[in-house]
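Here is the structure we will look at.
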Amino acid sequence: DWTAASIVDEQVARIREQVGDRRVICALSGGVDSAVAAALVQRAVGDQLTCVFVDHGLLRQGEADQVKNEFVASTGAELVVVDEEERFLTALDGVSEPERKRKIIGREFIRTFEDVARRLNDDEPIDFLVQGTLYPDVVESGGGEGAANIKSHHNVGGLPEDLQFSLVEPLRTLFKDEVRAVGLELGLPEQIVWRQPFPGPGLAIRIIGEVTKDRLELLRTADAIAREELTAAGLDRDIWQCPVVLLADVHSVGVQGDGRTYGSPIVLRPITSEDAMTADWARVPYDVLERISTGITNACPQVNRVVLDVTSKPPATIEWE
Ligand code: XMP
């Protein structure tokens, strides 16, 4: 039988044995797995660990600050933040095809991380890279990642060989619920430990059409309202995740005051799921949907319609791109 405390003790001992007095690097994504993996390594080898957070400018409201402040405050880890919004937006300029967006973001992410890793490595050699690989990932990757054939998932997986790190994978034997328990045991805040899944390419794949600063700003506002209402209604643990999607190139007629509007729709995609391989649309109470809809149209004059996605996976996927 496991307890979070015994897992922490065991993994800390293993990490110390593997790493010795050498240096370790870790890319934080804002997600649970990389945060817990990094916190474990920090507990084991302290300031031999350097965390790197590539802010690609495609995160939701408050997420970058959460990594910069709460993660650092709760772990004491050394964090290098690289603000690369311009780089990613420039690379994405004029691109609306989903797979191209994903490839560009994956490529820029690796380039950025490589640059930072090289710089740190020049100061003092780094031998190890932390990965938040879980047990189900290990099992699944026996035959390659299923979903990868449908959408190219962007993780920190495909790092170039010339960087030559050995991997530290302290979550390799754990399931998600154990990872969360370990995170809480290590003192990570609930907002990080219970964070719902969020795709690596971020809001870029929730803007259907080209990604621009204005569209990101709009989607960030709409998404924050939806999340706030779902949280206030106590639905965070019932709902697996709720992508909020901007159909940027679709326009429909609306009316506001005595004026005609011609705005874009926002799609709400609340789902329930066990493992994201299949999903059902979540039966969110009408009054909660009403508050989200009114909140979004009040806050975003460019949006004159809020619609609900009532499709399961399959045939749809969870994300729209
Ligand atoms: P789909 O849209 O394929 O999503 O049904 C399944 C789950 O994976 C998340 N997702 C991603 N996660 N990088 C990630 O780390 C990605 O590129 C990516 N694309 C989708 C999605 O949010 C859902 O939880």
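The values are calculated or read from the model by the stated rules, or taken from the named source; none is laboratory data. It should be emphasised that the depicted structure is a prediction, and the values quoted were computed from it without experimental measurement. Neighbour counts are summed over all protein chains in view; Cβ atoms, including those assigned to glycine, are modelled from backbone coordinates with ideal geometry.
Of everything in the range 294-311 that is closer than 19 Å to residue 236 by Cα and in a loop (DSSP other than H, G, I, E, B), the residue that is farthest from the ligand (Cβ to nearest atom) is 310. For residues in the range 58-80 being touching a residue at least 40 places away in the same chain (Cβ under 8 Å) and in contact with a strand residue (DSSP E or B) (Cβ under 8 Å, 6 or more places away or on another chain), which is surrounded by the fewest Cβ atoms within 10 Å (Cβ to Cβ)? Among those residues, the one meeting the criterion is 80.
Just for the range 254-293: of the residues that are within 13 Å of the ligand (Cβ to nearest atom) and assigned to a loop (DSSP other than H, G, I, E, B), which one is nearest to residue 313 (Cα to Cα)?
Taking the range 254-293 and keeping what is within 13 Å of the ligand (Cβ to nearest atom), we get 269-281.
Cutting the leftovers down to assigned to a loop (DSSP other than H, G, I, E, B) gives us 269-270, 273-278.
On the way: 269: 11, 270: 12, 273: 9, 274: 12, 275: 11, 276: 9, 277: 8, 278: 5 Å.
Going through the qualifying residues, I end up with 278.
Here are some residues: 241, 191, 164. Which one is without any contact (Cβ under 8 Å) to a residue 12 or more places away in the chain and within 26 Å of residue 39 (Cα to Cα)?
Residue meeting the stated conditions: 164.
Might you check whether a residue that is at pLDDT 95 or above and surrounded by fewer than 19 Cβ atoms within 10 Å (Cβ to Cβ) occurs anywhere in the range 25-42? No, the range 25-42 contains no residue that is at pLDDT 95 or above and surrounded by fewer than 19 Cβ atoms within 10 Å (Cβ to Cβ). Against the conditions (1) more than 15 Å from residue 166 (Cβ to Cβ); (2) at pLDDT 95 or above; (3) assigned to a loop (DSSP other than H, G, I, E, B), residue 51 satisfies every one except (3). Would you confirm, using the coordinates I've provided, whether residue 223 is within 18 Å of residue 288 (Cβ to Cβ), assigned to a loop (DSSP other than H, G, I, E, B) and within 16 Å of the ligand (Cβ to nearest atom)? It is false that residue 223 is within 18 Å of residue 288 (Cβ to Cβ), assigned to a loop (DSSP other than H, G, I, E, B) and within 16 Å of the ligand (Cβ to nearest atom). Could you tell me whether the range 310-318 includes any residue that is touching a His at 6+ places or on another chain (Cβ under 8 Å) and either modelled with pLDDT under 95 or surrounded by 18 or more Cβ atoms within 10 Å (Cβ to Cβ) (or both)? No - not one qualifying residue is present in the range 310-318.
Going by what's in this entry, would residue 129 be described as modelled with pLDDT of 90 or more and either in a helix (DSSP H, G or I) or over 21 Å from the mean Cα position of the chain (by Cα) (or both)? Can you show your working first?
On the way: modelled with pLDDT of 90 or more: yes; either in a helix (DSSP H, G or I) or over 21 Å from the mean Cα position of the chain (by Cα) (or both): no.
For residue 129, the condition - modelled with pLDDT of 90 or more and either in a helix (DSSP H, G or I) or over 21 Å from the mean Cα position of the chain (by Cα) (or both) - is not met.
Return the only residue of 167, 219 being buried (at least 17 other Cβ atoms within 10 Å of the Cβ) and either closer than 19 Å to residue 281 by Cα or not small (Gly, Ala, Ser) (or both). Going through 167, 219 in turn, just one is buried (at least 17 other Cβ atoms within 10 Å of the Cβ) and either closer than 19 Å to residue 281 by Cα or not small (Gly, Ala, Ser) (or both): 219.
Listed conditions (1) out of contact with any Pro (no Cβ under 7 Å at 6 or more places or on another chain); (2) surrounded by 15 or more Cβ atoms within 10 Å (Cβ to Cβ); (3) under 20 Å from residue 87 (Cβ atoms) are all met by residue 213, apart from (2). Considered as a group, the residues in the range 187-207 that are within 13 Å of the ligand (Cβ to nearest atom) and outside any helix (DSSP H, G or I) include one that is surrounded by the most Cβ atoms within 10 Å (Cβ to Cβ), and that residue is 201.
Regarding residue 293, is this residue within 16 Å of residue 198 (Cβ to Cβ), surrounded by 15 or more Cβ atoms within 10 Å (Cβ to Cβ) and among the hydroxyl-bearing types (Ser, Thr, Tyr)? So residue 293 fails the test.
Residues that are over 20 Å from the mean Cα position of the chain (by Cα), without any contact (Cβ under 8 Å) to a residue 40 or more places away in the chain and over 26 Å from residue 250 (Cα atoms) within the range 81-117 comprise just one, 115.
With respect to residue 218, determine if the residue is away from the ligand (no atom under 16 Å from the Cβ), under 28 Å from residue 107 (Cα atoms) and touching a strand residue (DSSP E or B) at 6+ places or on another chain (Cβ under 6 Å).
On the way: away from the ligand (no atom under 16 Å from the Cβ): yes; under 28 Å from residue 107 (Cα atoms): yes; touching a strand residue (DSSP E or B) at 6+ places or on another chain (Cβ under 6 Å): no.
So residue 218 fails the test.
If you go through the range 54-75 and keep only what is within 16 Å of the ligand (Cβ to nearest atom) and in a helix (DSSP H, G or I), you end up with 63, 67.
Is there a residue in the range 135-148 that is in contact with a Phe, Trp or Tyr (Cβ under 9 Å, 6 or more places away or on another chain) and at pLDDT 85 or above? Show your work before the answer.
The first filter runs over the range 135-148 and keeps only residues in contact with a Phe, Trp or Tyr (Cβ under 9 Å, 6 or more places away or on another chain), leaving 135-136.
Remaining after also requiring at pLDDT 85 or above: 135-136.
Scanning the range 135-148, I find at least one residue that is in contact with a Phe, Trp or Tyr (Cβ under 9 Å, 6 or more places away or on another chain) and at pLDDT 85 or above, so the answer is yes.
Filter the range 166-186 for residues that are assigned to a helix (DSSP H, G or I) and more than 16 Å from residue 134 (Cα to Cα); which is farthest from the chain's Cα centre (by Cα)? That would be 185. Give the residue that is modelled with the highest pLDDT, with candidates limited to residues of the range 152-179 that are within 16 Å of the ligand (Cβ to nearest atom) and farther than 22 Å from residue 113 by Cα. Ranking the candidates gives 179 first.
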